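What follows is a short report on a single structure.
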Amino acid sequence: MADVHRKAKARVAAEEYAPKPEGSSLTYGLIGVALFGLALIGFEMFYNANIFAYPVLIVLLLLMVFLGSVVLRKRRKRLHTAAYKEEYARQDNTPPQ
């Protein structure tokens with residue numbers, strides 16, 4: 001029972017400065033692509049440019065954004081795991097209360 005309490009305490013402490021990502025990698029990628037698409041449309045409207053004249057470039061950029069979003073989620077997950085392990089190990093060094 002003490003270990004369960006210790007894990008919960010470490011999880012709460014880690015959530016404060018390295019929150020666990022809530023979505024999946026697919027969700028991160030799709031949201032990144034959607035936001036980039038909106039930015040692309042805004043760019044086209046502001047500059048009155050025909051950006052869809054370069055479909056290969058747009059597809060490559062969307063692919064890079066998707067992969068970048070997936071990497072972002074993996075990095076956040078890794079940082080959360082490291083923070084949790086640090087908080088769990090830190091509890092060994094605290095004096096009993």
Residue list for region 15-66, filter: aliphatic (A, V, I, L, M), under 30 Å from ALA83 (Cα atoms) and touching a Leu at 6+ places or on another chain (Cβ under 9 Å): ALA18, VAL33, VAL65
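Picking from VAL4, VAL59, which residue would you name as being modelled with pLDDT of 95 or more, assigned to a helix (DSSP H, G or I), more than 21 Å from the chain's Cα centre (by Cα) and loosely packed, with under 12 Cβ neighbours inside 10 Å?
VAL59
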Checklist (1) surrounded by 12 or more Cβ atoms within 10 Å (Cβ to Cβ); (2) small (Gly, Ala, Ser); (3) farther than 22 Å from ALA8 by Cα; (4) under 10 Å from the mean Cα position of the chain (by Cα) applied to GLY23, failing item: (3)
Matching residues, region 16-25, being touching a residue at least 24 places away in the same chain (Cβ under 8 Å) and assigned to a helix (DSSP H, G or I): TYR17, SER25
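The values are calculated or read from the model by the stated rules, or taken from the named source; none is laboratory data. Nothing here was measured: the structure is a model prediction, and the numbers come from that model. For neighbour counting, all protein chains shown are included, and Cβ atoms are generated from backbone atoms with ideal geometry for every residue, glycine included.
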